[in-house]
Amino acid sequence: MYSAVLLLHSWLRWVALVTAIGTVLAAIRIQLPTDRGRADRWSLFAMATLDLQMLLGLLLYFALSPFTAEALKNFSAAMADSNLRFWAVEHITAMFGAVIAAHVGRALARNASTPAAHRRRLLIAFGLATVLMIVGIPWPGFANGRPLFRV
């Protein structure tokens, strides 16, 4: 079960990242009130992907991952180990921040009265979400690095 969920979580990160970037690019194109539809569709798909990604991540964090199981046994010792600290704190904090930014930004954008406000709110929220995702991904070559594409 761990391998299957990890594989799905690993591949879904690319969909989440692409949809967040797609939302930012669609928001850049908003000029008229009629332009909001494309950005709203991108943001909805990005949010749904982030939510699924978060659910899989929480399943890994609390039930399946040997890294977090070890970290949760002795949290103070995990803080001294940079690898365990990344999985126990840094990764999940960055990703929760991305999910929260996407949800709040989409809600604020939907309530915007002007295209400029809608655009600005989507750009800020999904730009921040994208940056947080990039920071939280375990890139190859780093101490906590993982393969870009698991097979």
What's the total number of residues in the range 111-135 that are farther than 20 Å from GLN31 by Cβ and buried (at least 21 other Cβ atoms within 10 Å of the Cβ)? 4
The one condition VAL89 fails out of (1) surrounded by fewer than 17 Cβ atoms within 10 Å (Cβ to Cβ); (2) closer than 27 Å to ILE30 by Cβ is (2)
Pairs only if they're at least six apart or on different chains, beta carbon under 8 angstrom, first in the range 8-31 and free of Cβ contacts under 8 Å to residues at least 40 places away in the same chain, second among the acidic types (Asp, Glu); list them, first residue then second. ARG29/ASP35
Identify all residues within the range 57-90 that are under 13 Å from HIS9 (Cα atoms) and either free of Cβ contacts under 8 Å to residues at least 60 places away in the same chain or assigned to a helix (DSSP H, G or I) (or both); write none if there are none. GLY57, LEU58, LEU59, LEU60, TYR61, LEU64
When you scan the range 1-56, how many residues do you find that are surrounded by fewer than 22 Cβ atoms within 10 Å (Cβ to Cβ) and either among the small types (Gly, Ala, Ser) or not in a helix (DSSP H, G or I) (or both)? 10
Checking the conditions here, which among ALA20, ALA46, ALA27 is closer than 16 Å to VAL131 by Cβ and in contact with a Lys or Arg (Cβ under 7 Å, 6 or more places away or on another chain)? ALA27
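Since every read-out is calculated from the coordinates, none of them should be taken as a lab result. Model, not experiment: these values are computed from the prediction. We place every Cβ from the backbone using ideal geometry, glycine too, and count neighbours over all the protein chains shown.
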